[in-house]
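Asker: There's a structure below that I have some questions on.
The values are calculated or read from the model by the stated rules, or taken from the named source; none is laboratory data. Since the model is a prediction, treat every value here as computed from it, not as a measurement. Heads up, the Cβs are rebuilt from the backbone with ideal geometry, glycines too, and the neighbour counts pull from every protein chain shown.
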């Protein structure tokens with residue numbers, strides 16, 4: 001099958017540092033290629049992929065220098081998709097709502113995976129304007145704020161089977177992976193650490209300078225202080241996303 005994958009342009013695919021959506025897209029694209037599909041990835045020029053790369057812009061926006069107006073780059077992305085749309089059997093987008101006016105009129109099958117939160121103002125109005133646009137959720141619970149959308153399935157985020165190795169030895173702390181923002185739920189990790197009687201809570205955070213480092217906090221403290229980078233086995237792991245409540 002001839003598949004186009006449309007990635008966000010904020011980060012490269014995979015990202016150099018932060019970029020959860022771009023990382024998932026990278027894994028998805030490489031696996032589709034391994035399965036024998038003819039895949040074209042529309043992404044920034046500093047991306048690395050097993051697929052055919054259509055470089056929409058030389059470098060991803062967040063780390064690219066000099067800075068570029070995001071609207072300019074998005075216009076270039078839509079032009080590239082419009083120009084090549086008829087070359088594909090299906091177009092799979094990961095850029096929220098930007099493409100809907102275009103792809104709804106081109107006559108090429110497409111679907112949209114929503115990777116983020118859907119409870120922000122204005123989203124229901126956008127969905128109501130495109131009642132036939134097909135969407136894929138990353139959990140059933142994610143759909144709740146936009147139940148009226150044309151959901152055609154739920155596909156959980158996957159990752160390479162050999163990426164992590166489980167440890168079955170008892171650990172001493174709870175590890176939280178994600179940005180320290182309210183929507184990622186670090187306060188939930190702190191409550192869980194309390195309930196599990198963990199002596200400390202370690203948080204791996206995206207540092208301001210673009211470096212990944214360990215930060216260490218006491219379970220009853222919402223701030224973070226730089227740690228020494230060492231890590232003992234974790235008792236449990238919680239990623240930076242709201243857990244499914246269904």
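Asker: Can you find a residue that is more than 21 Å from the chain's Cα centre (by Cα), surrounded by fewer than 13 Cβ atoms within 10 Å (Cβ to Cβ) and in the same structural domain as residue 29 (by TED's automatic domain parsing) anywhere in region 107-114?
Answerer: Of all residues in region 107-114, those more than 21 Å from the chain's Cα centre (by Cα) come to 107-109.
Next, from what is left, pick out any that are surrounded by fewer than 13 Cβ atoms within 10 Å (Cβ to Cβ): 107, 109.
The next check asks that each one be in the same structural domain as residue 29 (by TED's automatic domain parsing); those that pass are 107, 109.
Yes, the conditions are met somewhere in region 107-114.
Asker: Next question, about the same structure. Just to be sure before I move on: is residue 245 surrounded by fewer than 14 Cβ atoms within 10 Å (Cβ to Cβ), modelled with pLDDT under 75 and not in a strand (DSSP E or B) in the structure I sent?
Answerer: Yes.
Asker: Please count how many residues of region 27-58 are farther than 15 Å from residue 95 by Cβ and outside any strand (DSSP E or B).
Answerer: 16
Asker: Now for a separate question. In region 23-40, what count of residues is obtained for those that are touching a residue at least 24 places away in the same chain (Cβ under 8 Å) and closer than 13 Å to residue 60 by Cβ?
Answerer: Residues in region 23-40 being touching a residue at least 24 places away in the same chain (Cβ under 8 Å) and closer than 13 Å to residue 60 by Cβ: 1 in total.
Asker: Say whether the condition of being in the same structural domain as residue 25 (by TED's automatic domain parsing), in contact with a strand residue (DSSP E or B) (Cβ under 8 Å, 6 or more places away or on another chain), closer than 28 Å to residue 17 by Cβ and surrounded by 13 or more Cβ atoms within 10 Å (Cβ to Cβ) is met by at least one residue in region 116-127.
Answerer: Taking every residue of region 116-127 in turn, none turns out to be in the same structural domain as residue 25 (by TED's automatic domain parsing), in contact with a strand residue (DSSP E or B) (Cβ under 8 Å, 6 or more places away or on another chain), closer than 28 Å to residue 17 by Cβ and surrounded by 13 or more Cβ atoms within 10 Å (Cβ to Cβ).
Asker: Select from region 15-25 the residues that are in contact with a strand residue (DSSP E or B) (Cβ under 8 Å, 6 or more places away or on another chain) and either assigned by TED's automatic domain parsing to the domain that holds residue 181 or not in a helix (DSSP H, G or I) (or both) and write down the one among them that is surrounded by the most Cβ atoms within 10 Å (Cβ to Cβ).
Answerer: If we take residues in region 15-25 being in contact with a strand residue (DSSP E or B) (Cβ under 8 Å, 6 or more places away or on another chain) and either assigned by TED's automatic domain parsing to the domain that holds residue 181 or not in a helix (DSSP H, G or I) (or both), then 18 is surrounded by the most Cβ atoms within 10 Å (Cβ to Cβ).
Results for (1) closer than 30 Å to residue 125 by Cα; (2) assigned to a helix (DSSP H, G or I); (3) at pLDDT 75 or above, shown as yes or no for each residue.
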| position | (1), (2), (3) |
| --- | --- |
| 148 | yes, no, yes |
| 156 | yes, no, yes |
| 168 | no, no, yes |
| 180 | yes, no, yes |
| 188 | no, yes, yes |
| 193 | no, yes, yes |
| 208 | no, no, no |
| 229 | no, no, no |
| 232 | no, no, no |
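Per-residue answers, yes or no, for (1) over 18 Å from the mean Cα position of the chain (by Cα); (2) buried (at least 22 other Cβ atoms within 10 Å of the Cβ):
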| position | (1), (2) |
| --- | --- |
| 1 | yes, no |
| 6 | no, yes |
| 27 | no, no |
| 36 | yes, no |
| 42 | no, yes |
| 49 | no, no |
| 68 | yes, no |
| 80 | yes, no |
| 88 | yes, no |
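Asker: Just to check your reading of the model, which residue among 147, 137 is within 16 Å of residue 114 (Cα to Cα) and in contact with a helix residue (DSSP H, G or I) (Cβ under 8 Å, 6 or more places away or on another chain)?
Answerer: 137
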